[in-house]
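Participant: Can you keep this structure in mind? I'll have questions shortly.
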Amino acid sequence: MNIIISLAYLVAAVLFILGLSQLSSPKSARNGNFTAAAGMVIALGATVPLLHFTTVGAVIVAIGIVIGVAIGTVGARIVHMTAIPQMVALFNGVGGGAAALVAVAELLHFGVHPPLSEVLPSVLSIVIGSISFAGSMVAFAKLQELMTGTPITYPGQQVVNGLLAAAIIGFAIAVLAIASIPFSFIALMVLALILGVAFVLPIGGADMPVVISLLNACTGLAVAASGFTLNNFALIVAGTLVGASGSLLTKLMSDAMGRSLANVLFGAFGQVRTAATAAAGAAGRSVRSASAEDLGTLLAYSQRVIIVPGYGLAVAQAQHAARELADVLEKRGVEVEYAIHPVAGRMPGHMNVLLAEANVPYEQLKEMDQVNDDFKNADVALIVGANDVVNPAARSTPGSPIYGMPILNADQAKNVIFMKRSMRPGFAGIDNELMYDPKTVMFFGDAKDSLTKLVSAVKAA
Amino acid sequence: MNNELLNELTFFVLAIFVGFEVISKVPTILHTPLMSGTNAIHGIILVGALVIAAGARSPVEVLLGLVAVALATTNVVGGFVVTDRMLEMFKGRQPGKPANPVEAKK
């Protein structure tokens, strides 16, 4: 590799690091993304002179790039902001798949007795890349609701997954020992794909962000491993950066849910309990509900209202309606804030993106720690499509699966308006005591319709 | 262990520390764009895909190369575009409501 290419890769690596650090502030975040993209352009541009094109090679490169640009641009442009998490899963999965394929192609080049330092990274790249690809596709399917979001479990599941992992290690050793048999690569890849699917199946929809983040880190490592195989500095550094930062991000996300990563991955969170507790909860207990007019009056004559947005708001595309309600309330002198739980929506920061889309001013968006003491001074906590993040069971019921998760103290407000489509439990699949609280009023319906009704009710009050 | 491998290991280990260091400063609200941004960066596998695709001769190599380039390009382009779409909204402000994200964050 000549000096100019090496220097170009060094510049690219620096730009990636700068880009990531610019992403740490909302002000410079967009520039950070451009910086990283510039690094990518430089790395790719420097690679082209390195290539020895065969005729067919030039053709497939051109076709591949056209296909990729078309899918990537169109996919990223048309996706709704609510569907961002699954889009990230999809883009992550294809990256993992590419890493695995690159490693397979490299292995095919090796002779009968390739050095271990070349084969080992290829094998790692194939295994990790394939797991990432298959796992991301399942995560995509779950979030896109192509399949059920609830955990899919069966007896002995962990044993089966353990055996799969053991089989992969066995095959990997076989590949390392007798690298001349192409079929062993294929078998290895197939096993890793199966493990990727089997590993994500028992994880519930609510935990998908953590899984996607973990698989994102995995893809980074697979890319770094491919870098070792190809002796390519850019792949090693960029892949490792993503592997390291993605691992840390994964941990931060599970911390925000108050759970360990192991619990997220192997806890099959929110499974059978769903049916049991929902049935028990519905039996013999009643909830209050009220008309839009009553609630409009309540809101209009409040001094302080805290809106707690959740995924239901995102699904109903109700962020604009929420802002409209906040605007009419503010015109009447009511103080309005939004309380954003770290995992509101389906990913940390997801809700901020949605509300920013609706031009909600930053100043009104309060993070959990900033706002939690304010609830007791609030006249109304208006919960829009959120559920688990305001469930007091997280504080009070040690047996509850969400016990210990940090929650928003919406139950401390003087009045609670709980806007929901139905009495169905949230992602965690457990009943919410707050709905039965005497100071809580349920307001059933689609979040957008309901908010629009409240806007007219407040205007009329 | 040859020199090249040793160098590569050095970069690998140092990059791990840089990766941790850079991320530890990111506020929660930027976690989604950050995940998406790092996701775009591992699209650098396109470099590897180009290397194997450019020199492809046998039908198997052609197939592997074509699919790898298409997937990796999707990762790069989709990753950066979708991240930009998210971040674009962070600065989207109404006239009369001046943006001051830094102050709101503290």
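Participant: What percent does the relative contact order of the stretch A:112-187 come to when contacts are Cα pairs within less than 8 Å and at least six residues apart?
Facilitator: Details: 25 pairs, mean separation 39.2, N = 76.
So the answer I get is 52 percent.
Participant: Still on this structure, please answer the following. Would you grab the residues whose amide H sits under 5 Å from the one on residue A:203? Only those 5+ places off in sequence or on another chain, please, with H modelled 1.01 Å from N.
Facilitator: Result for residue A:203 returns A:152.
Participant: Run the numbers on chain A and let me know its relative contact order in percent, using alpha-carbon pairs under 8 Å that are six or more apart. Could you put the intermediate results ahead of the total?
Facilitator: On the way: 767 pairs, mean separation 64.3, N = 461.
Across chain A, relative contact order equals 14 percent.
Participant: For residue B:14 and residue A:117, what is the calculated FRET efficiency with R₀ set at 22 Å and r taken between the beta-carbons, to the nearest 0.05?
Facilitator: Details: r = 19 Å, r/R0 = 0.87.
With R0 = 22 Å, the Cβ-Cβ based efficiency is 0.70.
Participant: Further, regarding this structure: Distance check, please: which entries in A:251/A:420; A:331/A:448; A:376/A:459 exceed 24 angstrom between their Cα atoms?
Facilitator: Details: A:251/A:420 31 Å; A:331/A:448 21 Å; A:376/A:459 26 Å.
Over 24 Å apart, Cα to Cα: A:251/A:420; A:376/A:459.
Participant: In addition: Got a sec to turn the phi values of the stretch B:4-19 into Karplus ³J(HN,Hα) couplings, 6.51 cos²θ - 1.76 cosθ + 1.60 with θ = phi - 60°, whole Hz, x for Gly and Pro?
Facilitator: Values per residue, Gly and Pro as x: 4, 4, 4, 4, 4, 4, 4, 4, 4, 5, 5, 5, 4, 5, 4, x Hz.
Participant: Follow-up. If you fit an axis through the alpha-carbon atoms of helix A:319-331 and take the longest principal axis of the Cα set of chain A, what angle between them do you get, 0 to 90°, nearest 10?
Facilitator: On a 0 to 90 degree scale, this one is about 40.
Participant: Over the stretch A:283-370, calculate the relative contact order: mean separation of alpha carbon pairs under 8 Å at least 6 apart, over the residue count, as a percent.
Facilitator: Numbers: 86 pairs, mean separation 26.7, N = 88.
After rounding, I find 30 percent.
Participant: Go through B:19, A:93, A:23 and say which Cα lies farthest out towards the positive end of the charge dipole of the protein assembly as shown; charges sit on Cβ, +1 for Lys and Arg, -1 for Asp and Glu.
Facilitator: The listed residue farthest towards the positive side: A:23.
Participant: Here is a follow-up. Give, as ranges by residue number, the residues of the stretch B:39-62 whose backbone N falls under 17 Å from the point 7 Å along Cα→Cβ of residue A:53.
Facilitator: In the stretch B:39-62, the label zone of residue A:53 (backbone N under 17 Å from the point 7 Å along Cα→Cβ) covers B:47-57, B:62.
Participant: Taking the protein assembly as shown on its own, what percent of its Cα-Cα pair distances exceed 42 Å? Intermediate values should be presented prior to the final figure.
Facilitator: Values: 39746 of 160461 pairs.
When all Cα pairs of the protein assembly as shown are counted, 25 percent exceed 42 Å.
Participant: Next question, about the same structure. Amide H of residue A:378 versus every other amide H placed in the peptide plane: which residues, excluding those fewer than 5 positions away on the same chain, fall under 5 Å?
Facilitator: Those lying under 5 Å, H to H, from residue A:378 are A:414.
Participant: Taking just the C-alpha trace of the stretch A:279-417, give me its Rg and Dmax in Å.
Facilitator: Rg, Dmax (Cα atoms, Å): 14.9, 45.
Participant: Identify, among A:355, A:444, A:296, the residue whose Cα sits farthest towards the positive end of the charge dipole of the stretch A:288-460, taking +1 on the Cβ of Lys and Arg and -1 on the Cβ of Asp and Glu, with the dipole about the Cα centre.
Facilitator: Of the candidates, A:444 comes out farthest on the positive side.
Participant: Here's a follow-up. Calculate for chain A the 222 nm mean residue ellipticity that helices alone would give, adding -39,500 (n - 2.57) per DSSP H run of length 4 or more and normalising by residue count, nearest 500 deg cm²/dmol. Provide the component values of the computation, followed by the final result.
Facilitator: On the way: 18 runs with 277 residues, N = 461.
Calculated at 222 nm, the ellipticity per residue is -20000 deg cm²/dmol.
Participant: While we're here: Direction-averaged shadow area of the convex hull around the Cα atoms of the stretch A:83-271, nm²?
Facilitator: Values: hull surface 40.8 nm².
That works out to 10.2 nm², a quarter of the Cα hull's surface.
Participant: Write down the Å³ per residue value for the convex hull defined by the alpha carbon atoms of the stretch A:1-75. Mind showing how you got there, number by number?
Facilitator: Numbers: hull volume 5.9 nm³, N = 75.
Taking only Cα atoms, the stretch A:1-75 has a hull volume of 78 Å³ per residue.
Participant: Also, quick follow-up: How far apart, in nm, are two points set 7 Å out from the Cα along the Cα-to-Cβ line at residue B:88 and at residue A:403?
Facilitator: 4.8
Participant: Here's something else I'd like to know. So if I take the centroid of the Cα atoms in the stretch B:1-18 and the same for the stretch A:135-151, what is the distance between those two points in Å?
Facilitator: About 37 Å separates the Cα centre of the stretch B:1-18 from the one of the stretch A:135-151.
Participant: Rg to Rh ratio, the stretch A:51-138, alpha-carbon atoms and Kirkwood radius?
Facilitator: 1.08
Participant: How big is D for the stretch A:388-461, in µm² s⁻¹ as a whole number, if Stokes-Einstein is applied with the Kirkwood radius of its Cα pairs at 4 °C and 1.567 mPa s?
Facilitator: 96
Participant: Moving on to the next point. With +1 assigned to the C-beta of every Lys and Arg and -1 to the C-beta of every Asp and Glu, and no other charges, what is the dipole magnitude of the stretch A:83-271 about the Cα centre in debye, to the nearest 20? Don't skip to the end; give the middle numbers.
Facilitator: Working: 3 positive and 5 negative charges, 33 e Å.
Computed charge dipole of the stretch A:83-271: roughly 160 debye.
Participant: Is there a quick way to get the dipole size of the protein assembly as shown? I mean about its Cα centre, with the Cβ of Lys and Arg at +1 and of Asp and Glu at -1; what is the value in debye to the nearest 20?
Facilitator: That gives the protein assembly as shown a dipole magnitude of about 760 debye.
Participant: Something else now. Under a cut-off of 15 Å between alpha-carbon atoms, report the aspartates and glutamates in cross-link reach of residue A:439, not counting same-chain residues fewer than 8 places apart.
Facilitator: Those aspartates and glutamates meeting the cut-off are A:294, A:379, A:411.
Participant: Magnitude of the Cβ-charge dipole of the stretch A:288-460, K/R +1 and D/E -1, about the Cα centre, nearest 20 debye?
Facilitator: Details: 17 positive and 21 negative charges, 69 e Å.
So the magnitude is around 320 debye.
Readers should treat all values here as calculations from the given coordinates under stated rules, not as data from a laboratory. On a predicted model such as this, the values are computed, not experimentally measured, just so you know. Heads up, the Cβs are rebuilt from the backbone with ideal geometry, glycines too, and the neighbour counts pull from every protein chain shown.
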